[in-house]
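Have a look at the structure below, then the notes.
The values are calculated or read from the model by the stated rules, or taken from the named source; none is laboratory data. A quick note: this is a predicted structure, and the numbers were derived from the prediction, not measured. Cβ placement follows ideal geometry from the backbone for every residue including glycine, while neighbour counts extend to all protein chains displayed.
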Amino acid sequence: MNLKELYQEIILEHGKNPRNLRKTDNFNKDAKGNNPLCGDNVHVYLKLNDQRKVEDISFEGSGCAISMASASIMTDLIKGKSDNEAKEIIEDFLGMIKENPDLKNKILKEDDKTKLMCLSGVKQYPMRVKCATLSWHTLVSAMENDGKRVSTED
Amino acid sequence: MNINNIKKEFPIFDEKIQNNDLVYLDSANSSQKPKVVLDRINDFYSKQFSNVGRSIHYLAVAATNLYENTRTSVQKYINAKDKNEIVFTKGATEALNLVANTLGQAILKPNDEILITELEHHSNYVPWHFLRKSKNIKIKFAEINEDGDIPIENIEKEITDKTKVIAITHLSNVTGAVLPIKEITQLAHSKGIVVVVDGCQGGPHLKLDMQDLDCDFYAISCHKMYGPTGLGVLYGKKKWLEQLPPYQGGGGMINDVKKDRISYGELPNKYEAGTMATAQVIAFDQSIKFLESIGIENIIKHEKELIEYGQEILQKNNSVKLIGNPKERGGVLSFTVEGVHPHDIATILDETGVAIRAGHHCCQILHDKLGISASARASLGVYNTKDDLDKLNEGINNCKKVFDLK
């Protein structure tokens, strides 16, 4: 166990100053997620344009440094991607957090991948994996826009 | 028994937890177990095991006697009038569900009101919530004051002529507030209201005297009282337990079963359907003996000193905000640290062997009221020392370092 691996500089910085922590004007997709074990919650807003490109993505909510940083980095990286690219990145991220040693997608630039890999420290802290994945699961739900509330305990 | 040496009675403190000495500050969640309790479970299963209350062979009779001995010990420990007022359940949660369910079946009518408080644990809210749907019962909440206390006036002003039950905690698992159950019961009974007490935190930290409190029901969690998991106690006044219907059906709780009719057993069997947590009940006798050997007065004194010391050092720590400042605080110190989320605090403390809890502690109503989604909580047991609280404070300072806070 290594706290420095969990709380890397980038995570602390994003946790303290989360990007896109606001509500997208004219969003056309959104979803709420919560972690009933701790009461943390997140609301993800998405504006997909006619070309199915993510014109804007934002989030509101409160949570620990890990969950805030994860949501912040996520919104940063997903903005400007097509919905298919976004889905691939999400799947790749969730795969990496669960079992894969690395990210496999060819969409993200190397330094963006490095940012995401900073979250891999949670692998050593099973109770904290949910903190890192909540916003991503909520984004999936927003993209599907099935109106379902995401809960880490479902 | 010398309270300063009490840690030695608990084998877990001989263990290294991730290479650290354990600083266990999560006893409000569940307490550690003394060796006498662990040995008793092993001995019972190894040398004396049988199911209770059914067979007539030697082991069955002996096990039944042991099981009933615990009932008598509990009766004495909580000063209940009658042994049959003690019902074993799978936990305090089941005890509270039992009361809500059976009062709902037999006594409550649509539009009746249940009065609970903003301090309640989910286990003393959700079972009553079920009756909102099934019986159209209303639930009202007595509000906390700015100290995280519930003054009796806040209860009194919510009482109407529809109030049938007051369901209330003895000791808040978040603010540590000790509520004046005896006075609340006097007030309630003067208006014909039933009083149900969630005694999960009262059990390990307070003197329990059912005849003095005079409440109608009192739920106890044995695993928070240095006892095994999977076991709770429901104290209920005989007049209620006799009058209310059974909660679960099955073996052991019946008197006579025919194709067209069934009659139920006498107390306490009526509420103990199926094979009970036999070994846990028998081992819980040792928990009571353990508590008695120290003496609840000594435990209260010891924990009061720790709470005062904890409050003092945490108040000196500029980044820490203690939750609640109740007139009488027992067992728990909940807090937030500016700039560090409670989950991050818990993870960072854990690295040095300091085990606390972070989250809403099953009290979302209270956290909503406080305007926070989570808090950190250090909770005490007989084995804690001032040194443990110093380590807590050091850990908090380490959090500030990790997060680069002043």
Per the filter on region A:11-57, residues within 14 Å of another protein chain (Cβ to nearest Cβ), part of a loop (DSSP other than H, G, I, E, B) and within 17 Å of A:Lys79 (Cα to Cα) are A:Pro18
task = Taking B:Asp368 as the residue in question, decide whether it is part of a helix (DSSP H, G or I), charged (D, E, K, R) and over 16 Å from B:Thr347 (Cβ atoms).
result = yes
Those residues of region B:58-111 that are among the aliphatic types (A, V, I, L, M) and out of contact with any strand residue (DSSP E or B) (no Cβ under 9 Å at 6 or more places or on another chain) come to a total of 7
query = Right, A:Asn145: over 29 Å from B:Val340 (Cα atoms), more than 14 Å from chain B (Cβ to nearest Cβ) and either buried (at least 19 other Cβ atoms within 10 Å of the Cβ) or modelled with pLDDT of 90 or more (or both) or not?
reply = no
Over region B:182-207, the set of residues farther than 19 Å from B:Thr160 by Cα and crowded, with 24+ Cβ neighbours inside 10 Å is B:Val197, B:Asp198, B:Gly199, B:Cys200, B:Gln201, B:Gly202, B:Gly203, B:Pro204, B:His205
Only one of A:Lys113, A:Lys123 is within 14 Å of chain B (Cβ to nearest Cβ), within 22 Å of A:Gln8 (Cβ to Cβ) and part of a helix (DSSP H, G or I), namely A:Lys123
Subset of region A:108-133, residues crowded, with 16+ Cβ neighbours inside 10 Å and touching a residue at least 40 places away in the same chain (Cβ under 8 Å), comes to A:Lys115, A:Leu116, A:Cys118, A:Leu119, A:Gly121, A:Val122, A:Tyr125, A:Arg128, A:Lys130, A:Cys131, A:Ala132, A:Thr133
By residue number, the members of region B:226-252 that are assigned to a loop (DSSP other than H, G, I, E, B) and closer than 15 Å to B:Lys76 by Cα are B:Lys237
Note on A:Phe93: of the conditions (1) out of contact with any His (no Cβ under 8 Å at 6 or more places or on another chain); (2) within 14 Å of another protein chain (Cβ to nearest Cβ); (3) modelled with pLDDT of 90 or more, unmet is (2)
**Message:** Residue under question is B:Gly176, and the condition is that it be without any contact (Cβ under 8 Å) to a residue 40 or more places away in the chain, in the same structural domain as B:Ser287 (by TED's automatic domain parsing) and either at positive phi or polar (S, T, N, Q) (or both); does it hold?
**Reply:** no
Would you mind stating whether B:Asn29 is modelled with pLDDT of 95 or more and within 14 Å of chain A (Cβ to nearest Cβ)?
yes
Residue in region B:214-225 that is in contact (Cβ under 8 Å) with a residue 60 or more places away in the chain and in a loop (DSSP other than H, G, I, E, B) present: yes
* To do: Kindly establish whether B:Ala219 is buried (at least 17 other Cβ atoms within 10 Å of the Cβ) and over 23 Å from B:Glu272 (Cβ atoms).
  => no
**OP:** Return yes when A:Met74 is more than 14 Å from chain B (Cβ to nearest Cβ), closer than 26 Å to A:Leu6 by Cβ and surrounded by 24 or more Cβ atoms within 10 Å (Cβ to Cβ) and no when it is not.
**Re:** yes
Could you tell me whether any residue of region A:99-113 is within 14 Å of the chain's Cα centre (by Cα), of a type in the set (D, E, K, R) and closer than 20 Å to A:Gly33 by Cβ? no
Looking across region A:81-96 at residues that are of a type in the set (A, V, I, L, M, F, W, C) and closer than 20 Å to A:Arg19 by Cβ, the single one that is surrounded by the fewest Cβ atoms within 10 Å (Cβ to Cβ) is A:Ile90
Looking across region B:371-406 at residues that are among the basic types (Lys, Arg) and in a helix (DSSP H, G or I), the single one that is nearest to the chain's Cα centre (by Cα) is B:Lys386
